[in-house]
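Values quoted throughout were computed directly from the atomic coordinates according to the rules given, and no laboratory measurement underlies them. As the structure is a computational prediction, the values presented were derived from the model and not from experiment. We place every Cβ from the backbone using ideal geometry, glycine too, and count neighbours over all the protein chains shown.
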Amino acid sequence: MSRFKYSVGPWNVHEGADSFGPSVRKTIEFGRKIETFKKIGIDAIQFHDDDAVPELNDLTNEQIIARAKEVRSLLSNNGLAAEFVAPRLWMDGHTIDGGFTSNSEKDREFAMYRAYRSIDIANTLGCDKIVLWLAREGTLCYESKDPVLAVHRLVEAINKMLEYDKNIKILIEPKPNEPIDRNVCPTMGHVMAVSAASSDPSRVGGLLESAHAILAGLDPASEIAFGLAMKKLWSVHLNDQNGMRFDQDKSFAVENLRQGFNQIKVLVENNYGSNGEFVGLDVKAMRTQKDEACYEHIKNSIKIANMLTEKAERYDYKYQQKCVEERNYEALEMYVMELLMGVK
Ligand code: XLS
Ligand code: MG
């Protein structure tokens, strides 16, 4: 039994296409994916609106709900929960210039339409969390948007969602860049400010993704800690990233083991999960993986997270205290290294 409950999205097992090359693996049907997710230790599924209800732009609201009900049965037949629904505001022609912050009024309306449908789908799936990964809310040409108005537009969109549904919680997933150059909400600190500016701060929090923090030049453990301190860390996307380059979504802690340990340690210390929060793994299989080995990155991430949890649970706080009293941080650092290397 692991301490945490884990979640993934259907996009975490994908065909391997990237910006420079086509798919390299077969498409796995959604029903098959979730059966395998359950087998490998996943407890909940994360959705984009159109992961749950494909082609939803062409459906009536009734048809959308009917389809979402089928997904709900599929989940419960497999003993899985739904963690959140996120409007996909970066693929459609209406989101070329962003969603909530687009310069086009029609496109901003489209973004709200998708946000409202995401809430309807979440309600049907039995979850109360809406994630906003603000992929294109920012600029490619800095002068193309009023940077103050863009922030106001984001807050306004969030207020409309809070008004549309009185129970839903909004989790902003910050990321500083990619696919946009400069994002309006790049870090957990920005998320907290947007939350405070909203009409109901108690229902606006964050989801911290490790790789996104690294892309912002920050330590994901500190970003997690900041969200926890504000009591607004309602989900995480643990993964890893080799420095500030394209978003890699590597298996958890494979690049930055010590940072990975400290992410788990702060989650353990603050009893993360005790209010039903999941540990999401937003990881991507390497393009070189063959069809039959395309779930390894998820299995490995769970394994690594569990091993680091075990280390966090037997972290020697007495020894830490002694080192702090003596101000011998070299000794403390060495203890952590030995713990991670399996000597302690
Ligand atoms: C970005 C994710 C994205 C969100 C949900 O990191 O892959 O899909 O987690 O929209
Ligand atoms: Mg993510």
*Is it the case that some residue within region 310-329 is of a type outside the set (D, E, K, R) and crowded, with 21+ Cβ neighbours inside 10 Å?*
no
*What is the one condition in (1) aromatic (Phe, Trp, Tyr); (2) crowded, with 18+ Cβ neighbours inside 10 Å; (3) over 19 Å from Asn12 (Cβ atoms) that Tyr113 does not satisfy?*
(2)
*Residues being outside any helix (DSSP H, G or I) and surrounded by fewer than 24 Cβ atoms within 10 Å (Cβ to Cβ): count how many of those fall in region 49-81.*
8
*Find the residue count for region 17-60, including only residues that are out of contact with any helix residue (DSSP H, G or I) (no Cβ under 6 Å at 6 or more places or on another chain) and acidic (Asp, Glu).*
6
*asked:* All but one of (1) in contact (Cβ under 8 Å) with a residue 12 or more places away in the chain; (2) within 24 Å of Asp128 (Cα to Cα); (3) hydroxyl-bearing (Ser, Thr, Tyr) hold for Ser251; state the number of the condition that does not hold.
replied: (2)
*Does His237 fit the bill of being free of Cβ contacts under 8 Å to residues at least 24 places away in the same chain, of a type outside the set (A, V, I, L, M) and buried (at least 18 other Cβ atoms within 10 Å of the Cβ)?*
no
*asked:* Of the residues Leu308, Leu332, Leu257, Leu339, only one is within 30 Å of Ser19 (Cα to Cα) and among the hydrophobic types (A, V, I, L, M, F, W, C); which?
replied: Leu257
*Residues satisfying the stated conditions in region 171-218, i.e. away from ligand 1 (no atom under 15 Å from the Cβ) and assigned to a strand (DSSP E or B)*: Arg182, Val204
*Being away from ligand 2 (no atom under 14 Å from the Cβ) and either crowded, with 22+ Cβ neighbours inside 10 Å or of a type in the set (Ser, Thr, Tyr) (or both) is the filter here, so list the residues in region 204-226 that pass it.*
Val204, Gly205, Ala221, Ser222
*Glu109, sole failed condition from (1) over 16 Å from the mean Cα position of the chain (by Cα); (2) within 16 Å of ligand 2 (Cβ to nearest atom)*: (2)
*Residue match in region 62-85 (condition: in contact (Cβ under 8 Å) with a residue 12 or more places away in the chain, within 16 Å of ligand 2 (Cβ to nearest atom) and among the charged types (D, E, K, R))*: yes
*Within region 82-105, count every residue that is hydrophobic (A, V, I, L, M, F, W, C) and either in a helix (DSSP H, G or I) or farther than 30 Å from Tyr142 by Cβ (or both).*
3
